[in-house]
1. Report the full-extension gain for the segment Thr222 to Asp148: residue separation times 0.36 nm, less the Cα-Cα distance, to one decimal in nm.
2. Given the Cα-Cα distance of Leu17 and Arg56 and 0.36 nm per residue of separation, how much length would full extension add, in nm?
3. If you count only protein heavy atoms and use a 1.4 Å probe, how large is the accessible surface of His141, to the nearest 10 Å²?
4. Please compute the modelled spin-label separation between Asp196 and Glu180, points set 7 Å along Cα→Cβ, answer in nm with one decimal.
5. Of Leu220, Leu186, Leu9, which has the most accessible area with a 1.4 Å probe, and how do the rest follow in descending order?
6. Per residue, how much accessible area does region 5-46 show when a 1.4 Å probe rolls over the protein heavy atoms, in square angstrom?
7. Quick one: pull the percent of accessible area on region 140-243 belonging to carbon and sulfur, 1.4 Å probe, ligands and nucleic acids left out.
8. Ordering Tyr225, Tyr243 from largest to smallest accessible area (1.4 angstrom probe), what's the sequence?
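The values are calculated or read from the model by the stated rules, or taken from the named source; none is laboratory data. Values in this document were obtained by computation on a predicted structure and should not be read as measured data. Note that each Cβ is placed from the backbone with ideal geometry, even for glycine, and that neighbours are counted across all protein chains shown. Calculation scope for accessible area: heavy atoms of the full protein, side chains included, ligands and nucleic acids excluded. Shrake-Rupley method; radii C 1.70, N 1.55, O 1.52, S 1.80 Å.
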Amino acid sequence: MLTRKQHELLMFIHERLKESGVPPSFDEMKDALDLASKSGIHRLILALEERGFIRRLANRARALEVIRLPESATPAPKQRQGFSPAVIEGSLGKTQQPPASAVPAKPSPLQPANDSNGIAIPVMGRIAAGSPISAIQHQTHEVTVPPDMIGQGAHFALEVQGDSMIEAGIFNGDTVIIRETSTANLGDIVVALVDDEEATLKRFRRKGGSIALEPANAALETQIYGPNRVKVQGRLVGLIRRYN
């Protein structure tokens, strides 16, 4: 799943390569997508590369190769590389949720119907996909997910608040499924606890001796913290989405 901007950039690069055999410059891409800065183009290219749509060629300036196009543009797409969240598309409409502290334990409205083989995992409140908010809360209810979504280890779920991960296909109101772990590889989307007080959902990077928590939204900036200020609480393995 690509965002509109990611799709526009991919098709612009593809058409330019077909026409001239040379990829467009960052300035040309910025102007074509009507973005304010080239940093936004860099984030879009990184997202396309992580999803296996393009490849940057080493030791060659402006060298980009389109590996594949979206399903709507090609009849036989290759398997995506990088993170692509597994999504359960619920058929139930959203309902207004009271504050997490006031919600009694009950089955989640996202629980798939007639699924006798699902696994129930606890929903532990809300997580910020934006600026960090209060850390993970106590369990509010449970959600049932297919066994092949989670694999081995302990898991929990969090409700997403904010739009900083939209270019990774994670939207405000989604419920993310997290595998508990205290370690992460570069590029993993993680639940990060900042200063033992606030939690956020971001892509895990390093910048020198510091830790970088990178959003997937070209309009937002990466957050940089000293290594002792950030603790990884878990890694994203899937999400559940419901529609009105």
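1. Stretched fully, the Thr222-Asp148 segment lengthens by 23.4 nm.
2. Contour length minus the Cα-Cα distance gives 12.7 nm.
3. Estimated to the nearest 10 Å², His141 gives 10 Å².
4. 1.9
5. Listed by decreasing accessible area, they come as Leu186, Leu220, Leu9.
6. On the way: 2110 Å² over 42 residues.
Here the residues of region 5-46 average 50 Å² of exposed surface.
7. After summing per-atom areas, the C and S share lands at 43 percent.
8. Numbers: Tyr225 30, Tyr243 100 Å².
Ranking Tyr225, Tyr243 by accessible area, largest first, yields Tyr243, Tyr225.
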